[in-house]
Amino acid sequence: MIPFLFQAACQARDIVARRLPRAQELAQRNLSHEPAGCFAIKRGRSVSKSSELKARKAAAVPSGVGSRGVYVAKAENAELWDVDGRRYIDFAAGIAVLNTGHRHPRVMEAVAQQAQAFAHTCFHVAPYESYVRLAERLNALAPGDFPKKTLFLNSGAEAVENAIKIARYHTKRSAVIAFSGGFHGRTLMTLALTGKVMPYKRGFGPFPAEVYHAEFPQPYHGITTERALEDLDRLFHGDVDPKAVAAIIIEPVQGEGGFKVAPADFLRALRRLCDEHGIVMIADEVQGGIARTGKMFSIEHSGVVPDLVVTAKGLGGGFPLSGVTGRANIMDAAHPGGLGGTYGGNPISIAAAHAVLDVVEAEGLCARAASVGDKMRTRLLALAKQLPCIGDVRGLGAMVAFELVKDPKTKEPDAELTAALLVQAESRGLILLSCGTSANVIRLLAPLTIPDGVLSEGLDILSAALLAAAGRESARAVA
Ligand SMILES: Cc1ncc(COP(=O)(O)O)c(C=O)c1O
C-alpha cells in the first residue's frame, strides 16, 4: 500500500544517501539515455517536472501520504508516461485495481455514457437500476448456491467495516478474528483488524476492542496449517469464547502481507469452525478478487464458500467502488437505514463495474490471469536458480510475488535489497511494488490485459534490475 511505497521510497532514499552513493548518479545516467523530454541535468541538479512536483508535494501534502517519484501524465493499458515524457511498464496496476488495464475502452465508454445521464443522486434518495443490476450480477457470481444480496460502498476499508457491522448485527456478538500479516484498510476498525504495525498502526490507536489475531499459515516460514489451527485453538481457549465471535475475516491470498496463499485445508477448517460455532466467515477479496488469481474470487480455488465476500479495487476498474455480497439472511439482518452512505455505489463507478465484468467475461481474463501468472513464475523460478537472494516464489494466478532474503538457509529478510530493486526498476522504466511484513517481498500485479510483448519486456527489465541490485548488494557486503 501507499505507506509501503513511502517506506520503500524512504529506504531507497537512505540507501542512495548512505549505502549506495552511486545509485543516484547511475539512475540519472540511465534516465539520460531515455528519449527527449526526460530529465535536464544542470550542474548535477535535476530540473525535471517530476522533481518540481516532488518539491511541491512535500510542501503541500502531509508527509504521512507517501508516494513514489513517477508523476503520471497519461496511461494506456499496462503502460504509463510521466510528466517528463518517460515511459513505464506498470506492474502495480494502481495496487491491484486495474485488472482491466488503464482506461479500458469499454470502461471509459460506459463512464462517459453514464456521465451524460446523471452523475449522482445518492442511492438512498433517488435509486437507479444499474445499482440493482450490479447487485444481481455479483449475487450470481459470488460463491454459494443460496440467495444472496449485495451492498455497495466506496473503498475496501468501508466495505470491510460494513461486513463486520452486518456480521455483528446478525450474530448479536462482538468479537472478530483476523490474521497476522493481514491488511484490511486504514479506518480505525480495519486498522484493528490489520495484522501489521508499521507503517499502518503505529501512533493511530486506540483501536476498537474485541479484535483477536491468529497465525496465518506460511509454510515457507514453518507455519503449517496444523500450527495455524493450533493457534486458533489457543485463542479459543485462552482469549475469546468462540460463542462470542461474530466473524472470522481472512484474505484467501494475503495482499500487503506478502502474497501468502491460505492453504485449502486451512480454509476448509475455518469453514468448519464457523459452522460449528455460528461464526460468519468473511472473505476479503479486495486485492485477490475480480479475476486476479485466475478465478473471479480467490477463495474459489479452495472450494470453500464464505458467508460474506468483500470486493473493491478491480471491481471499479479505476473508479471507487466496493461491495459486500453474502447470504441474504445475514445481509438482511440490519434494520432499514442502518447501512449505506452518500456516495456508496455511485452511478459512474457502477457503470464502470458493469463494463469491468463484461470485459472479464468477453476477454477471458480469468484464463488470461493464469497465463500471465505462469509467465511470471517461469521467469522468476529461472532467476531464482541464478540468484539465491530469491528465497521463495509464490502466489496464485497473476498475483505473483517473490521474497528476497539475505541467506536462503536462514531466510533473513532483505529489505534493503528490496528497496534497491525498486529504485533500479524505476530507473529502467518499470513500476514495481513491495509488500510483506518485513518489507522484503516484491509483488507483480500487471494488468491482466497486458500484451505478451509488454509483459516480457517488463520481466526483462525486472531481471536486469534485480541482477543490478543484487550485484551491488553483494559488492557492498564484500566491501
Ligand atoms: C485485502 C485488502 N482489504 C482491504 C483493503 C483496503 O482497501 P481500500 O484501500 O480501498 O480502503 C486493501 C487495500 O489494499 C486490501 O488489500
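Below is a table of values for the structure above.
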quantity	calculated
D_trans [Stokes-Einstein, Kirkwood Rh over alpha-carbon pairs] for the range 227-266, 25 °C, 0.890 mPa s, µm² s⁻¹	210 µm²/s
Calculated [θ] (222 nm, deg cm²/dmol) that DSSP helices of n ≥ 4 give over the chain, each run adding -39,500 (n - 2.57)	-13000 deg cm²/dmol
Spherically averaged projected area of the range 380-462 from its Cα convex hull (nm²)	5.4 nm²
Reciprocal of mean inverse Cα separation for the range 114-273 (Kirkwood radius, Å)	17.6 Å
For Phe183, residues with placed amide H under 5 Å, excluding near neighbours	Gly195, Gly255, Glu256, Gly257
Ratio of the Cα radius of gyration of the range 339-403 to 2.2 N^0.38 Å, where N counts its residues	1.68
Length added when fully stretched, Arg268-Ala328, from 0.36 nm per residue minus Cα-Cα	19.4 nm
Largest-first principal axis extents, alpha carbons of the range 140-218, Å	41, 27, 26
Cα centre as origin, Lys/Arg/Asp/Glu Cβ charges: the chain dipole, Debye	1420 debye
The range 158-170 - phi-based ³J(HN,Hα) in whole Hz, Karplus 6.51/-1.76/1.60, Gly and Pro as x	5, 5, 4, 3, 5, 4, 5, 4, 5, 4, 5, 4, 5
Dipole of the chain [Lys/Arg +1, Asp/Glu -1 at C-beta], most positive-end residue of Phe266, Ile164, Ala469	Ala469
When each of Lys375/Lys411; Lys54/Lys375; Lys57/Lys406; Lys201/Lys385; Lys57/Lys201 is checked by Cα-Cα distance, pairs over 27 Å	Lys54/Lys375; Lys57/Lys406; Lys201/Lys385
Loop-located trypsin sites (Lys or Arg not before Pro) in the range 149-199 whose Cβ has at most 14 other Cβ within 10 Å (DSSP)	Lys172
For q = 0.16 Å⁻¹, Debye-computed log10 I/I(0) when each Cα of the range 331-479 counts as one equal scatterer	-0.88
Point-charge dipole on Cβ atoms (K/R +1, D/E -1) for the range 207-362, about Cα centre, debye to 20	300 debye
Histogram of C-alpha separations across the chain, 20 Å bin width, %	24, 56, 19, 1
Unit Cα scatterers, Debye sum, the range 76-206: log10 I(q)/I(0) for q = 0.20 Å⁻¹	-1.28
Length added when fully stretched, Ala244-Ala117, from 0.36 nm per residue minus Cα-Cα	41.0 nm
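Quick note: the coordinates plus some simple rules give every number you see, no bench work behind them. All figures in this text were calculated on a predicted structure; none of them were measured in a lab. A quick note on method: Cβ atoms are made from the backbone with ideal geometry, for glycine too, and the neighbour counts reach across all protein chains shown.
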